[in-house]
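Read the structure below first, then the notes.
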Amino acid sequence: MTRESGAFGPFGGQFAPETLMPALAELEEAWAEAQGDPQFRAELDEMLRDYVGRETPLTHAARLSEQLGGAQIWLKREDLAHTGAHKINNALGQVLLARRMGKPRIIAETGAGQHGVATATACARFGIECIVYMGEEDVRRQALNVFRMGLLGAEVVPVKSGARTLKDAINEAIRDWVTNVRTTHYLIGSAIGPHPYPVIVRELQSCIGREARDQLHEKIGKLPDVAIACVGGGSNAIGLFHPLIDDPVRLIGVEAAGEGLDARHAATLSAGSPGVLHGTRSYVLQDEHGQITEAHSISAGLDYPGVGPEHAWLMLTERAEYVSVTDEEALDGLKLLSETEGIIPALETAHAIAYAAKIAPQMSPDETILLGLSGRGDKDVEIVRDALESREH
Amino acid sequence: MTEPGHRYREAFAASASRDDGPLVFPFLIGGFPTPEETPDLVRAAIRGGAAGFEIGVPFSDPIADGPVHQDAYTVALAAGATLDTALDAVRTARETDPDAPITLMGYLNPFLSAGSSEDSETDDPGGAVGEPLEGLAKRAAEAGADGVIVVDLPVDESDAAREVFAQHGLSLIYLLAPTSTDERIAAVANRASGFIYLVSLTGVTGARDQVAADFEAFVGRVRALTDTPLAVGFGISRREHVAEVGKLVPAAIIGSALTTTIASAPVGDRAAAVERYLEVVTGHRSEETSE
Ligand SMILES: Cc1ncc(COP(=O)(O)O)c(C=O)c1O
């Protein structure tokens with residue numbers, strides 16, 4: 001009965017209200033069973049292939065690399081997965097798991113709307129009731145995705161508490177779960193939350209890194225020198241990093257520095273401190289009284305004052321590095337990839353591109369950067385237009 | 001130092017011998033609506049018949065709370081409430097009633113920060129959860145608290161914390177919910193001192209019209225595994241709820257309904273409203289005369 005530790009050194013754990021604890025145990029058990037069941041694996045693999053379109057391509061960003069004048073950059077194209085981001089890998093896996101557990105109702109939180117769309121999609125595919133909590137501010141910022149969720153038959157519930165963004169949507173989803181836990185699976189959208197969620201989400205996203213590792217090997221016969229991904233809660237990053245963890249590859253997670261680390265930002269690992277939020281012990285943004293402070297990023301998917309516990313552990317053990325780039329730099333990154341490669345990335349992803357653009361010129365042309373292109377930018381074009389317009393003034 | 005839980009034991013024993021219905025413990029949020037008003041509200045609650053207290057510590061992200069407490073925490077934090085405000089409320093209650101069992105109740109993260117502000121060593125991210133709670137335990141005990149409830153510290157994660165609290169003469173008060181398995185009830189039963197807090201329903205805090213239908217069965221499952229006194233909270237708002245649960249457990253905790261009473265009373269009349277409400281809910285005054 002005594003756990004007293006996270007899955008990741010001092011980080012992780014189950015800091016949840018008692019009402020939820022039996023459900024977390026049930027989830028842990030169901031996940032372990034599913035892992036050992038070849039039929040579950042086969043069904044998931046088939047869905048990933050025939051419905052999501054995996055494996056996703058690995059694209060050599062030749063013009064981008066040439067323009068930056070250093071390392072060769074390869075893009076792992078999660079933007080080409082069904083629904084346009086990596087989030088579907090996790091959503092489908094957890095919907096299959098919820099079916100195994102006989103839960104007829106699924107709830108989720110969403111920031112950018114990508115996880116909400118992915119969850120609504122997976123639920124539509126299996127005819128499961130789907131409710132998505134979304135901060136009112138994000139409902140405004142991501143109107144297109146709100147409409148998409150509606151088309152997919154999901155109910156979107158705007159959340160009016162706090163800063164009305166991702167953190168508040170998670171609070172509200174947890175409250176729903178506390179109330180409806182017997183019938184409901186909480187389909188959390190990143191590698192956060194109480195154990196076993198960070199492990200489940202990591203495993204479901206690890207297809208990113210596994211595929212990319214094999215694909216790169218096939219194309220250039222070696223491992224990347226650097227792997228880079230953006231970090232909100234950290235699911236696409238851990239999915240890219242985890243299969244490379246025992247390899248001599250530099251792992252770099254890029255957080256959102258918003259308006260700068262001395263102003264409003266969402267750089268939890270770079271500028272936060274250890275704490276407990278949403279059921280897990282990790283790094284958080286907080287004041288000296290332990291109150292969680294509001295995050296800020298131009299990208300709704302990175303606008304979160306917590307981070308997955310495994311990233312806190314990778315930072316503590318110095319296996320991975322965490323850096324941050326500002327809203328402005330991310331906008332430049334988005335433009336750069338759009339103009340050089342004909343790929344409009346999500347604003348979240350643009351943070352990783354901006355950082356790759358900083359380090360690539362310092363590397364040699366026979367070195368390689370593997371970049372997790374976590375999602376496409378269609379959802380963001382309005383925000384980008386507004387931001388670029390106001391920049392001109 | 002007296003062993004943890006002596007005020008709880010004495011209060012429950014005295015109540016059993018009086019046989020006049022359950023103890024009523026109001027949940028008062030330290031700093032709501034303002035830090036200045038809290039001491040008056042504490043004293044008013046005692047005049048109204050409070051047998052003890054849960055003093056709530058506001059948190060920015062209260063995942064087990066319904067809208068009433070969410071809003072109240074936001075108001076309190078905006079008014080400048082901190083852990084110290086709640087500890088001041090504990091002190092006021094202790095000065096006013098030397099025998100009342102007083103429990104500090106809150107979420108883990110603000111409690112963890114109490115350690116790190118006094119002792120920079122606890123900033124070490126590698127420590128167990130118990131160590132950083134040392135600062136909280138020390139300050140809660142000094143203020144006169146008897147126990148601490150940590151809403152998001154389940155029994156599975158609690159042993160280090162429980163030890164730290166015990167070293168300061170404090171009980172770690174555990175929560176059980178209708179969803180708790182017998183295995184989990186037994187784990188709590190093995191560790192509990194003071195009382196066990198039964199969450200009456202599957203859900204967040206907030207007044208409800210009725211006591212949950214499966215509450216009696218839930219009490220039965222817990223009773224079968226422990227003799228520790230039980231208190232019930234979540235959803236209890238009316239005199240008839242208190243009378244009903246009082247047949248099953250020796251104490252009832254009133255939260256959101258009291259918070260609403262405070263929030264909706266005019267400034268200047270809040271202490272009187274708290275006193276009146278507690279008189280009614282404890283049965284010391286009939287509903288009619290309160291109208
Ligand atoms: C395209 C994209 N990338 C990244 C993220 C950030 O999430 P995570 O850090 O879990 O990958 C999001 C979240 O919404 C997203 O939509």
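For segment A:28-45, putting each phi into the Karplus relation 6.51 cos²θ - 1.76 cosθ + 1.60 with θ = phi - 60° gives couplings of 4, 5, 4, 5, 4, 4, 4, 4, x, 9, x, 5, 4, 4, 5, 5, 5, 4 Hz, in residue order, rounded to whole numbers and with x for Gly and Pro.
Here's the picture: charge each Lys and Arg Cβ at +1 and each Asp and Glu Cβ at -1 in the protein assembly as shown, and of B:Ala187, A:Ala25, A:Ile353 the one pushed furthest to the positive end of that dipole is A:Ala25.
Per the helix-only calculation at 222 nm, which mean residue ellipticity applies to chain A, given -39500 (n - 2.57) for every DSSP H run of n ≥ 4 and division by its residues, nearest 500 deg cm²/dmol?
Rounded to the nearest 500, the figure is -13000 deg cm²/dmol.
The Rg/Rh ratio for segment B:2-50, using Cα coordinates for both the radius of gyration and the Kirkwood hydrodynamic radius, is 1.08.
Which of the listed residues, B:Thr34, B:Ala81, B:Pro98, is farthest toward the dipole's positive end in segment B:6-282, when Lys, Arg count +1 and Asp, Glu count -1 at the beta-carbon? Going by the charge dipole, the pick is B:Pro98.
Under 12 Å between alpha carbons, and skipping anything fewer than 8 positions from A:Lys103 in its own chain: which aspartates and glutamates qualify? Result set, ordered by chain and number: A:Glu26, A:Glu129.
Amide H contacts of B:Glu54: B:Phe27, B:Leu28, B:Thr103, each under 5 Å away and 5 or more positions distant or on a separate chain (H built 1.01 Å from N in the peptide plane; Pro and chain starts excluded). Inter-chain neighbour count for A:177-186: the average number of beta-carbon atoms from partner chains within 10 Å of each residue's beta-carbon is 3. Run through the DSSP bridge list for the protein assembly as shown and note the antiparallel percent, rounded to the nearest 5. Percent antiparallel among DSSP bridges in the protein assembly as shown is about 20. Electrostatic bookkeeping for B:Ala93 treats Lys and Arg as +1 and Asp and Glu as -1; over the other residues with beta carbon under 13 Å from its beta carbon, the sum is -2. Excluding ligands, DNA and RNA and using a 1.4 Å probe, chains A and B jointly bury around 3600 Å² of accessible surface, summed across both partners. Among the residues of A:20-31, the average count of other protein chain beta-carbon atoms within 10 Å of the residue beta-carbon is 3. For GluC sites (Glu not before Pro), the sites in segment B:1-99 that DSSP calls loop and that have at most 14 other Cβ atoms within 10 Å are B:Glu36. Lysines near A:Lys76 by alpha-carbon distance under 22 Å, same-chain residues fewer than 8 away left out - which ones? Those lysines meeting the cut-off are A:Lys87, A:Lys219, A:Lys222, A:Lys335, A:Lys358, A:Lys379. Basic side chains Lys and Arg get +1 at the Cβ, acidic Asp and Glu get -1 at the Cβ, and with that the dipole of segment B:225-291 about its Cα centre reaches some 120 debye. A simple spin-label model places pseudo-atoms 7 Å from Cα toward Cβ; at B:Glu95 and A:Lys335 they are separated by 6.3 nm.
For segment A:73-88, list residues with backbone N below 18 Å from a point placed 7 Å from the Cα of A:Asp50 toward its Cβ? What the label zone holds, given the 18 Å backbone N cut-off, is A:82. Shape index of chain B: Rg/Rh, with Rg the Cα radius of gyration and Rh the Kirkwood radius from the inverse mean 1/r over Cα pairs, equals 0.94. The accessible-area ordering, largest first, of the residues A:Asp378, B:Asp146 stands as A:Asp378, B:Asp146, per a 1.4 angstrom probe. The B:Glu240 and B:Glu183 beta-carbon pair, evaluated with R₀ = 45 Å, returns a calculated FRET efficiency of approximately 0.85.
Annotation: per residue accessible area for segment B:6-282 equals 34 Å², rounded to a whole number [probe 1.4 Å, protein chains only]. Dipole magnitude for the protein assembly as shown: about 1260 debye, using +1 per Lys or Arg Cβ and -1 per Asp or Glu Cβ, origin at the Cα centre. Taken about its Cα centre, chain B carries a charge dipole of roughly 760 debye when the Cβ of each Lys and Arg holds +1 and the Cβ of each Asp and Glu holds -1. Shown here for segment A:275-365: GluC sites (Glu not before Pro) in loop regions (DSSP other than H, G, I, E, B) with at most 15 other Cβ atoms within 10 Å, namely A:Glu288, A:Glu318.
Within segment B:235-280, the trypsin sites (Lys or Arg not before Pro) that combine a DSSP coil assignment with at most 12 other C-beta atoms in a 10 angstrom radius are B:Lys247.
Using C-alpha pairs below 8 Å separated by at least 6 residues, the relative contact order for segment B:6-282 is 22 percent.
The values are calculated or read from the model by the stated rules, or taken from the named source; none is laboratory data. Computed from a predicted model, the values in this text were never measured in an experiment. Using ideal geometry, Cβ is built from the backbone for each residue, glycine included, and neighbour counts are taken over all protein chains shown. The accessibility values were calculated without ligands, DNA or RNA, using every heavy atom of the protein model including side chains. Shrake-Rupley method; radii C 1.70, N 1.55, O 1.52, S 1.80 Å.
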